[in-house]
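**Student:** After the structure tokens below, expect a handful of questions from me.
The values are calculated or read from the model by the stated rules, or taken from the named source; none is laboratory data. Just so you know, these numbers come straight off a predicted model, no measurement behind them. Glycine also receives a Cβ, built like all others from the backbone with ideal geometry; neighbour counts cover every protein chain displayed.
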Amino acid sequence: MDEITFLQNHKICCFGEVLLRFALKDSWVSDSSIPYYIGGAELNVATALVLWGIPVNYLTTLPDNYIGKDISNQIKQRGIDIDKVFYSGNRLGVYYLPYGTEVKNNGVVYDRDFSSFSQLTPGMIDWDKVFEDCTWFHFSAISPALNKNIALICKEAVTAASAKGITISVDLNYRNKLWKYGELPDVIMPDLVRNCNVIMGNIWAVENLLGISAPLSDSKNVSNIELKEAALISIERIQKKYEKVYAIALTYRLEESYFGVLQKKDAFFTSNIFENITVTDSVGSGDCFMAGLIYGIYNNLPSQDIINFAAAAAVGKLAEPGDATKQSVEQIKRILNDAR
């Protein structure tokens, strides 16, 4: 794909489900208290981008009641355009996660059946209207994991966006507890990724979602050089299969360090390796990396700066509680400078 360029003030369109996360602590029953956060992968990306000065149009479906309206007002207060949000149904998607653990952890409990978003059906969304002022469409693998209708809607979206020449990005976040409706992810996702220009994930998500074998079974006792080489092998396999891809970024979060790699056109870049990282809340760190990747490409930053910024943003988010980052661009740059 040729170089991506943007007209000033044209928006990123992020599509996905708003989720209420209950962060369970050991004493939640006796305390009758549960901290909660409003997030969701695509909303977390949207929140970061707006914070960093990029206009965003967020598309979702919220309950047609006071809960949906209260949440939409909160999203609007973040500076996100919610003019195209749907209001239908009665339920908000919810999940429960022991505080401080991974979303991929077996302890996560999803309560998303019959949520307003999950009840969307093909043909409900006028994608021509949605894309009127957008030059970029972003979604994640979490949405098509919900049910067949949402997978078909994602197909509608990427087909319409591709026909309009809109840049399409996808976060290959794999959630094995969600793919329960009888379709394998490596059957559904390749058809969606075929039109994508920017891909983010890790080598194991690439295997689970696209059926492209990971060069390594895990990252234990593996050197950083070997991890980079494995990422490059995965990237080369993705490029052979998906002709429209422009940039591929893969990440590694190890026990005490973090780094990312970026293949942009024909050049390969590795971020700074961030050592002795602080992990307060891992939820949303990948979303923050995705936002950093979009931010860098949108602003036509040099490729090395793009991957450095995205990785530093993710490291900063790991140290923050909650789903969406509150970091400024300046704070992320300070994290990057401290790592050099």
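**Student:** Looking only at segment 1-14, filter to residues that are assigned to a loop (DSSP other than H, G, I, E, B) and either of a type outside the set (D, E, K, R) or at pLDDT 75 or above (or both); which one of those is nearest to residue 93 (Cα to Cα)?
**Tutor:** Here is the first cut: in segment 1-14, the residues assigned to a loop (DSSP other than H, G, I, E, B) are 1-10.
Still in the list and also either of a type outside the set (D, E, K, R) or at pLDDT 75 or above (or both): 1, 4-10.
Numbers: 1: 36, 4: 34, 5: 35, 6: 33, 7: 35, 8: 34, 9: 31, 10: 29 Å.
Out of the qualifying residues, it is 10.
**Student:** Quick one: in segment 30-75, which of the residues that are aromatic (Phe, Trp, Tyr) and in a strand (DSSP E or B) is nearest to the chain's Cα centre (by Cα)? Talk me through it step by step, then tell me what you get.
**Tutor:** We begin by selecting, within segment 30-75, every residue aromatic (Phe, Trp, Tyr); these are 36-37, 52, 58, 66.
Then drop every residue that is not in a strand (DSSP E or B), which leaves 36-37, 58.
Working: 36: 20, 37: 17, 58: 13 Å.
Per the criteria, the residue is 58.
**Student:** Look through segment 102-118, keep the residues that are of a type in the set (A, V, I, L, M, F, W, C) and either part of a loop (DSSP other than H, G, I, E, B) or crowded, with 18+ Cβ neighbours inside 10 Å (or both), and return whichever of them is modelled with the lowest pLDDT. Give the steps one after another, and end with the answer.
**Tutor:** Restricting attention to segment 102-118, the residues satisfying the condition of being of a type in the set (A, V, I, L, M, F, W, C) are 103, 108-109, 114, 117.
Next cut, either part of a loop (DSSP other than H, G, I, E, B) or crowded, with 18+ Cβ neighbours inside 10 Å (or both) only: 103, 108, 114, 117.
On the way: 103: 65, 108: 87, 114: 94, 117: 97.
Once the filter is applied, the top-ranked residue is 103.
**Student:** So is residue 17 in a loop (DSSP other than H, G, I, E, B), touching a strand residue (DSSP E or B) at 6+ places or on another chain (Cβ under 9 Å) and at pLDDT 95 or above or not? Give the steps one after another, and end with the answer.
**Tutor:** Numbers: in a loop (DSSP other than H, G, I, E, B): yes; touching a strand residue (DSSP E or B) at 6+ places or on another chain (Cβ under 9 Å): yes; at pLDDT 95 or above: yes.
When the stated conditions are applied, residue 17 passes them.
**Student:** Spot the failing condition for residue 259; the list is (1) in contact with a Pro (Cβ under 7 Å, 6 or more places away or on another chain); (2) buried (at least 20 other Cβ atoms within 10 Å of the Cβ), and only one is missed.
**Tutor:** For residue 259, the exception is condition (1).
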